[in-house]
Amino acid sequence: GELRRRVPELEEAGRDATALRTDLHVKFAAPIACLLLPALALLFAVSGPPFPSSALTLVASIAGFVVYTLLTGVGTSLGYGGALPPVVAGWLATASFAAVGLVLALRLRGTGQTF
C-alpha cells in the first residue's frame, strides 16, 4: 500500500517514478508466480508419455526457477531503464511462464490425459 501511495506523490513532485511502478508490478506478479511455478512442475511431471523420471522433473523444476529468477531480473532492469513499460517489465517472467503452462496444459489435454 505504501508503494502505491508513494508513486503518485513522486509524480506530483515532478520526479520519475518508473522504477517504483516497475517494482509495484513485480510485487503484483509474485504471488501468481508462487502458484504458477509448482503448477508447471506438476504439468511437466504428468505430460508424458514418456513420463519424465523424478530426477528429471526435479532438475527441470530447479532450472525453471532459475530461469524465472533471471527473467524477473532482466525484466525489472529493462523497466528501470525505460526500455519496457513498467507493466510489461513487472509481468514479463510470470506471463512467459503462464504461456509455457498453457502450452503444457494444452499438450496434456491433447493426449486425453487428466491430472
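The values are calculated or read from the model by the stated rules, or taken from the named source; none is laboratory data. No experiment lies behind these values; they were computed from the predicted model shown. Note that each Cβ is placed from the backbone with ideal geometry, even for glycine, and that neighbours are counted across all protein chains shown. Heavy atoms of the whole protein, side chains included, go into the accessibility calculation; ligands, DNA and RNA do not. Shrake-Rupley method; radii C 1.70, N 1.55, O 1.52, S 1.80 Å.
Find the helices (runs of 4 or more DSSP H) located wholly in the stretch 1-82 whose residues include 2 or more that are closer than 21 Å to Leu102 by Cβ and touching a residue at least 12 places away in the same chain (Cβ under 8 Å), and list them.
Helices (runs of 4 or more DSSP H) meeting the threshold: 18-45, 54-81.
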Identity of the residue in the stretch 11-24, touching a helix residue (DSSP H, G or I) at 6+ places or on another chain (Cβ under 7 Å) and open to solvent by less than 80 Å² (accessible area, probe 1.4 Å), that ends up farthest from Val88 (Cα to Cα): Ala17
Contacts under 7 angstrom Cβ, first residue in the stretch 94-108 being β-branched (Val, Ile, Thr), partner part of a helix (DSSP H, G or I) and surrounded by fewer than 17 Cβ atoms within 10 Å (Cβ to Cβ), 6 or more apart: Thr94/Ile32
